[in-house]
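The values are calculated or read from the model by the stated rules, or taken from the named source; none is laboratory data. Quick caveat, the model's predicted, so the values are computed rather than measured. With ideal geometry, Cβ positions are generated from the backbone for all residues, glycine too; neighbour counts draw on all protein chains shown.
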Amino acid sequence: MSEKTYFITGGGTGGHIYPAVAVADALHADGNTVFYVGNPQNLEFEIVKKKEYEFLPVNIHGMPRKMGLPLVQWSIQLSAAVIKSVQYLHKYKPDAVFGTGGYVSAPILIACIIMKIPYMMHDCDAQPGLVTRKLAPHASAVSLAFECAKEFVNNKNCYVNGNPIRTKFKALLKSEARKALGFSNYKITVCLMGGSQGARTINDAAVEILQTLTNKYDVQVIFQTGKKNFERVVEQLIKIYPEYEKDKNLLVAPYFDDMVTVLKASDIAVSRAGSLSLSEIEASGIASILIPYPYAAADHQRKNAKFMLDEGASLYLEDHDVNEKTLLENLTLLITDKSKLAKLQGAAMKLAKYDGVDKIVEQLKDIS
């Protein structure tokens, strides 16, 4: 099969970026030429610059939800980004474009409509976002993570593929992941994370219990604070646990580029309930304590978390109930009750879908 050229787009948060990167990696490994369209001020730029495909910058930010001058300014910004995207399409002539929703993908997908270039979209939420809902009718195909998302999408070529996750989730062994992080293979390992943006509720509770986990229970802890919250967390940690940097059971960072290794090294994750995070937790076969973000659009995180709870794959805490006491109680339950831990891990593993990328790549090739 002859080599083709693809544009991949998606950005702002890990939930948009990592599915896009997983598909880009698969296409690139197959001998295709891949360009990544994104905002150079966002996380996607840092991730993609370590890859072997070219980054095409577009200047676009989230749409203001109220009428007024900011909306007018944003409309001008969007128009400029669409014109820039048309220029990219004219110059590189991609066979097809793949977008994962969100505002970053909007300009290039609108440009595809103008230039009559086929595009495919993927949405990872139970209730698809605004960009997906508006641009799906013009797409050659739409990929969804949830069956229930179909009712929100006006497109005959809808596929429920699950989320595209990196192939490394299937291949990497727990022992290899722990070795890569400098951790023991014989200790329970907990991952505390709030997604790529961080979560203040989780961070504030976690800081208070780190020393108890690593010293009293001899548990290994990986703590992703989010870039925005890192300095604040470190200030709190220095007051509560001044020797934290010397603790070999503890790894604290604002962000991990390689979340596959982090999750595969873990036994338990404390996390928000974004769809991609759950797909990666399932693919890692780990137990979780889910704390849905209470202001998520259409309350989709609470729906995701309740689904995991009903499937016996997770414990559940409301954001307003999270403090050092409740978080430590839930973690202690799983650390001390090995059979409970194993049940949650087994239930998560049963939900795992590893073939989302393969399905999307096949469907993308069909439309190109």
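How about the range 50-130: which strands (runs of 3 or more DSSP E) wholly inside it have at least 1 residues that are surrounded by fewer than 18 Cβ atoms within 10 Å (Cβ to Cβ)?
Result: 54-57.
How do the pairs read when you match residues in the range 314-337 that are in contact (Cβ under 8 Å) with a residue 60 or more places away in the chain and farther than 13 Å from Ala205 by Cβ with residues anywhere that are of a type in the set (D, E, K, R) and surrounded by fewer than 18 Cβ atoms within 10 Å (Cβ to Cβ), using Cβ under 9 Å and keeping only pairs 6 or more apart or on different chains?
Matching pairs, first to second residue: Leu334/Lys340.
In contact (Cβ under 8 Å) with a residue 40 or more places away in the chain and within 23 Å of the chain's Cα centre (by Cα): which single residue out of Leu213, Leu172 fits that description?
Numbers: Leu213 fails: within 23 Å of the chain's Cα centre (by Cα).
Of Leu213, Leu172, the one residue that is in contact (Cβ under 8 Å) with a residue 40 or more places away in the chain and within 23 Å of the chain's Cα centre (by Cα) is Leu172.
Quickly run through the range 260-274 and pick out the residues that are touching a residue at least 60 places away in the same chain (Cβ under 8 Å) and crowded, with 24+ Cβ neighbours inside 10 Å.
Looking only at the range 260-274, we keep the residues that are touching a residue at least 60 places away in the same chain (Cβ under 8 Å), and these are 260-272, 274.
Leu263, Lys264, Ala265, Ser266, Ile268, Ala269, Val270, Ser271, Arg272, Gly274, listed by residue number.
Considering Leu341, Leu364, Leu334, Leu328, which residue is farther than 30 Å from Lys216 by Cα, modelled with pLDDT of 95 or more and either part of a loop (DSSP other than H, G, I, E, B) or not β-branched (Val, Ile, Thr) (or both)?
Details: Leu341 fails: farther than 30 Å from Lys216 by Cα; Leu334 fails: farther than 30 Å from Lys216 by Cα; Leu328 fails: farther than 30 Å from Lys216 by Cα.
It is Leu364.
Kindly check whether there is at least one residue in the range 218-234 that is without any contact (Cβ under 8 Å) to a residue 12 or more places away in the chain and not in a loop (DSSP other than H, G, I, E, B).
So the first thing to find is which residues in the range 218-234 are without any contact (Cβ under 8 Å) to a residue 12 or more places away in the chain, and the list is 231.
Then keep just the ones that are not in a loop (DSSP other than H, G, I, E, B); that gives 231.
Yes, the range 218-234 contains at least one residue that is without any contact (Cβ under 8 Å) to a residue 12 or more places away in the chain and not in a loop (DSSP other than H, G, I, E, B).
Within the range 193-204, is even one residue free of Cβ contacts under 8 Å to residues at least 24 places away in the same chain, closer than 30 Å to Val104 by Cα and outside any helix (DSSP H, G or I)?
So the first thing to find is which residues in the range 193-204 are free of Cβ contacts under 8 Å to residues at least 24 places away in the same chain, and the list is none.
No, the range 193-204 contains no residue that is free of Cβ contacts under 8 Å to residues at least 24 places away in the same chain, closer than 30 Å to Val104 by Cα and outside any helix (DSSP H, G or I).
Identify all residues within the range 282-306 that are over 16 Å from Leu331 (Cα atoms) and in contact (Cβ under 8 Å) with a residue 40 or more places away in the chain; write none if there are none. Show your work before the answer.
Looking only at the range 282-306, we keep the residues that are over 16 Å from Leu331 (Cα atoms), and these are 282-285, 292-306.
Glu282, Ala283, Ser284, Gly285, Tyr293, Ala297, Ala298, His300, Lys303, Asn304 - these are the residues of the range 282-306 that are over 16 Å from Leu331 (Cα atoms) and in contact (Cβ under 8 Å) with a residue 40 or more places away in the chain.
Is it the case, given these coordinates, that Lys248 is more than 15 Å from the chain's Cα centre (by Cα) and modelled with pLDDT of 95 or more?
Numbers: more than 15 Å from the chain's Cα centre (by Cα): yes; modelled with pLDDT of 95 or more: yes.
So Lys248 passes the test.
Please enumerate the residues belonging to the range 166-188 that are aliphatic (A, V, I, L, M) and either buried (at least 16 other Cβ atoms within 10 Å of the Cβ) or outside any loop (DSSP other than H, G, I, E, B) (or both).
Of the residues in the range 166-188, the ones aliphatic (A, V, I, L, M) are 171-173, 177, 180-181, 188.
Those that are aliphatic (A, V, I, L, M) and either buried (at least 16 other Cβ atoms within 10 Å of the Cβ) or outside any loop (DSSP other than H, G, I, E, B) (or both): Ala171, Leu172, Ala177, Ala180, Leu181, Ile188.
Tally the residues that are over 14 Å from Thr189 (Cβ atoms), hydrophobic (A, V, I, L, M, F, W, C) and touching a helix residue (DSSP H, G or I) at 6+ places or on another chain (Cβ under 6 Å), restricting the search to the range 241-266.
1
For the range 288-297, state whether one or more residues are hydrophobic (A, V, I, L, M, F, W, C) and at pLDDT below 95. Full working, then the answer.
Narrowing the range 288-297 to residues hydrophobic (A, V, I, L, M, F, W, C): 289-291, 296-297.
If we keep only those that are at pLDDT below 95 as well, we get 296-297.
There is at least one residue in the range 288-297 that is hydrophobic (A, V, I, L, M, F, W, C) and at pLDDT below 95.
Please work out which residue is surrounded by the most Cβ atoms within 10 Å (Cβ to Cβ), limiting yourself to the range 137-165 and to residues that are part of a helix (DSSP H, G or I) and over 22 Å from the mean Cα position of the chain (by Cα). Spell out how you get there, then give the answer.
Filtering the range 137-165 down to residues part of a helix (DSSP H, G or I) leaves 137-138, 147-152.
Subsequent filtering for residues that are over 22 Å from the mean Cα position of the chain (by Cα) retains 137-138, 151.
Details: Pro137: 12, His138: 16, Glu151: 9.
For the range 137-165, the residue satisfying everything is His138.
Out of the residues in the range 275-293 meeting the condition of being within 23 Å of Ser184 (Cα to Cα) and within 12 Å of the chain's Cα centre (by Cα), tell me which one is surrounded by the fewest Cβ atoms within 10 Å (Cβ to Cβ).
Residues of the range 275-293 within 23 Å of Ser184 (Cα to Cα): 280-289.
Within this subset, residues satisfying the condition of being within 12 Å of the chain's Cα centre (by Cα) are 280-281.
Details: Glu280: 25, Ile281: 28.
The extreme case among them is Glu280.
Hey, any hits in the range 24-34 for a residue that's among the hydroxyl-bearing types (Ser, Thr, Tyr) and in a helix (DSSP H, G or I)? Give the derivation first.
Filtering the range 24-34 for residues among the hydroxyl-bearing types (Ser, Thr, Tyr) gives 33.
Among the residues that remain, those that are also in a helix (DSSP H, G or I) are: none.
Looking through the range 24-34, none of the residues is among the hydroxyl-bearing types (Ser, Thr, Tyr) and in a helix (DSSP H, G or I).
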